[in-house]
Amino acid sequence: MARTRRARPADIHDIAAAMPGVKRVEGGRGVYQVGGRSFLFFRGPRPDAVDPDTGERLTDVVVFWVADEAEKQAILADDSLPFFTTAHFDRHPSVLLRESRVGELDRDQLAEFVYDAWLARAGKRAARAWLAERGLVE
């Protein structure tokens, strides 16, 4: 299977904004919501996310919701993926990604993570309709 081009930070915005019923809430670095529920947001520098080499706060962290703890742990256990977490997000259904590492994914891989984040937060009817459009459910 041919891979698409390397993902870029702008792809996160493009893919999230194209999902049904999405609203971008301005302020900070941006939050994408569906049905008033955040599914992806760009996090500002926080004391829990620091560069391991310099100790500087990370300025490029994106938070992606996931379906549940099992999915989170599966993503974090896959060493081929650039996702991580911090203690602040213990027991929170999300994984983190630095924008500077987005290029370690191809665009299709990134899209799957954005889709899954949207599905984790969209209403059941909206999620079922979106999946049905793609022939993924009957």
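Quick note: the coordinates plus some simple rules give every number you see, no bench work behind them. Computed from a predicted structure; not experimentally measured. Neighbour counts run over all protein chains shown; Cβ positions are idealised from the backbone, glycine included.
Tell me the residue from ASP53, ASP48 that is over 27 Å from GLY123 (Cβ atoms) and in contact with a His (Cβ under 6 Å, 6 or more places away or on another chain), please. I'd like the intermediate steps shown before the answer.
Numbers: ASP53 fails: in contact with a His (Cβ under 6 Å, 6 or more places away or on another chain).
The conditions single out ASP48.
Whenever a residue of the range 65-76 is over 12 Å from HIS92 (Cβ atoms) and without any contact (Cβ under 8 Å) to a residue 60 or more places away in the chain, its partners that are part of a helix (DSSP H, G or I) and among the aliphatic types (A, V, I, L, M), lying with C-beta atoms within less than 9 angstrom and at least six residues away or across chains, give the pairs ALA67/LEU119; ALA67/ALA120; GLU71/ALA120. For the range 128-136, indicate whether the set of residues that are among the aromatic types (Phe, Trp, Tyr), assigned to a helix (DSSP H, G or I) and on the phi < 0 side of the Ramachandran plot is non-empty. Checked the range 128-136: at least one residue is among the aromatic types (Phe, Trp, Tyr), assigned to a helix (DSSP H, G or I) and on the phi < 0 side of the Ramachandran plot.
In the range 39-58, which residues are surrounded by fewer than 16 Cβ atoms within 10 Å (Cβ to Cβ) and either part of a helix (DSSP H, G or I) or touching a residue at least 12 places away in the same chain (Cβ under 8 Å) (or both)? Quick ask: steps written out before the conclusion?
We begin by selecting, within the range 39-58, every residue surrounded by fewer than 16 Cβ atoms within 10 Å (Cβ to Cβ); these are 44-48, 50-57.
Passing the criteria: GLY44, PRO45, ARG46, ASP48, ARG57.
Only one of PHE83, PHE64 is of a type in the set (Phe, Trp, Tyr), closer than 21 Å to ALA18 by Cα, surrounded by 18 or more Cβ atoms within 10 Å (Cβ to Cβ) and in contact with a helix residue (DSSP H, G or I) (Cβ under 7 Å, 6 or more places away or on another chain); which? None of the other options fit; the residue is PHE64.
Residue count for the range 65-111 under the criterion of being of a type in the set (Asp, Glu) and not in a helix (DSSP H, G or I): the result is 5.
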